[in-house]
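Below you'll find the structure, written out as structure tokens, and then a few comments.
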Amino acid sequence: MRPIALITGATAGFGEAIAKEFAQHGYDLIITGRRNERLEAIKTSVEANQKIEVLTLCFDVRDRKDTTDKLTSLPERWSKVDVLVNNAGLASGMDHIQAGDIDDWDRMIDTNVKGLLYVSRAILPGMVARGKGHVINIGSTAGKEVYDKGNVYCASKHAVDAITKGMRIDLLGKGIKVTQIAPGAAETEFSEVRFHGDTDRAKSVYNGYQPMAAEDIATLAYYVTTLPPHLCVNDLVATSISQANSYYIHRES
Ligand code: NDP
Ligand code: 8X3
């Protein structure tokens, strides 16, 4: 019986890389996202390359009913999730608070905070009943420091930081590990989404230094699951060697 990892937001970036990393290590995967064609393409390619199975679930984590219905009615064979990676998330817009787009705010809070909660609420009871599991929440350095025009995105990631701590307290004694991985800048579709498709502006975020890649975060996500049963990484902040924190990035040009 292979272990099962459920990864939200697996159609791109960290989620896709994390899914592939766990597949390489013999996990069956439940992968989720809104873009079904990408989910199906990843399933086809992973199943062709690894001796594991993939279940795709297409839903928007902001939709409480659909998220809850899909995750609480998993087929028996898929219901015992060992590792939950709460990764689905985004930044939308980057404006001073007085000029912020309220739709952007809703999008970030509904996805990064409420979506993570809906998914966790559906999966945690099974982990508690089985007395084992590992939840990995993808936070951010933006959940550690607030930067200019980061306001609501930073707030949403500070919420992930707080929820992760709360989960760990509430789940004490239940045999469940709770880890936050808080990455700095990594080149994925993140900045394109943040800048609403402005690819030049998105690229400029990574000018003059080597940011992390999605695969770096995947390496860390798998690593934290490999430790002995008594040992839990609670909080893992990771950046490129060129980045000290949200404020300091060393650029060569
Ligand atoms: P990408 O844009 O490359 O990937 C985001 C993923 O989240 C996609 O698979 C997307 O799938 C999914 N997603 C977004 N909104 C929803 C939604 N409403 N419902 C379901 N799935 C959704 O970005 P990253 O891989 O970089 O980001 C992943 C996580 O990492 C996010 O939580 C982000 O905040 C965080 N992060 C990113 C950093 C970076 O520099 N890249 C640094 C620190 C943290 P689909 O569109 O198909 O729904
Ligand atoms: C993404 C990293 O620096 O854009 O969470 O906030 S940053």
Could you tell me whether any residue of segment 137-147 is closer than 30 Å to H96 by Cβ, more than 16 Å from ligand 2 (Cβ to nearest atom) and not in a helix (DSSP H, G or I)? no
Regarding H158, is this residue out of contact with any Asp or Glu (no Cβ under 6 Å at 6 or more places or on another chain), without any contact (Cβ under 8 Å) to a residue 40 or more places away in the chain, open to solvent by 20 Å² or more (accessible area, probe 1.4 Å) and more than 13 Å from ligand 1 (Cβ to nearest atom)? no
Restricting the first residue to segment 128-143 and requiring it to be under 17 Å from S191 (Cβ atoms), which pairs with a second residue that is small (G, A, S) and near ligand 2 (Cβ under 9 Å from one of its atoms) meet a Cβ separation below 7 Å and a spacing of at least six or different chains? I138/G89; S140/A182; T141/A182; T141/G184; T141/S246; A142/G150; A142/S246
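So which residues in segment 27-42 are surrounded by fewer than 19 Cβ atoms within 10 Å (Cβ to Cβ) and farther than 18 Å from T111 by Cβ? Step through it out loud before you land on a result.
Going residue by residue through segment 27-42, those that are surrounded by fewer than 19 Cβ atoms within 10 Å (Cβ to Cβ) are 34-38, 40-41.
Of everything in segment 27-42, those that are surrounded by fewer than 19 Cβ atoms within 10 Å (Cβ to Cβ) and farther than 18 Å from T111 by Cβ turn out to be E37, E40, A41.
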Only one of T179, T199 is crowded, with 16+ Cβ neighbours inside 10 Å, more than 8 Å from ligand 1 (Cβ to nearest atom) and either of a type in the set (S, T, N, Q) or under 22 Å from S242 (Cα atoms) (or both), namely T179
Pairs, please: C-beta under 8 Å, at least 6 apart or cross-chain, first residue more than 6 Å from ligand 1 (Cβ to nearest atom) and in segment 5-20, second of a type in the set (F, W, Y)? A5/F22; A5/Y27; I7/F22; I18/Y222
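The values are calculated or read from the model by the stated rules, or taken from the named source; none is laboratory data. Everything quoted here is computed from the prediction, not taken from an experiment. Cβ atoms come from the backbone with ideal geometry, glycine included; neighbour counts cover every protein chain shown. Note: accessible area is taken over every heavy atom of the protein model, side chains too, but ligands, DNA and RNA are not part of it. Shrake-Rupley method; radii C 1.70, N 1.55, O 1.52, S 1.80 Å.
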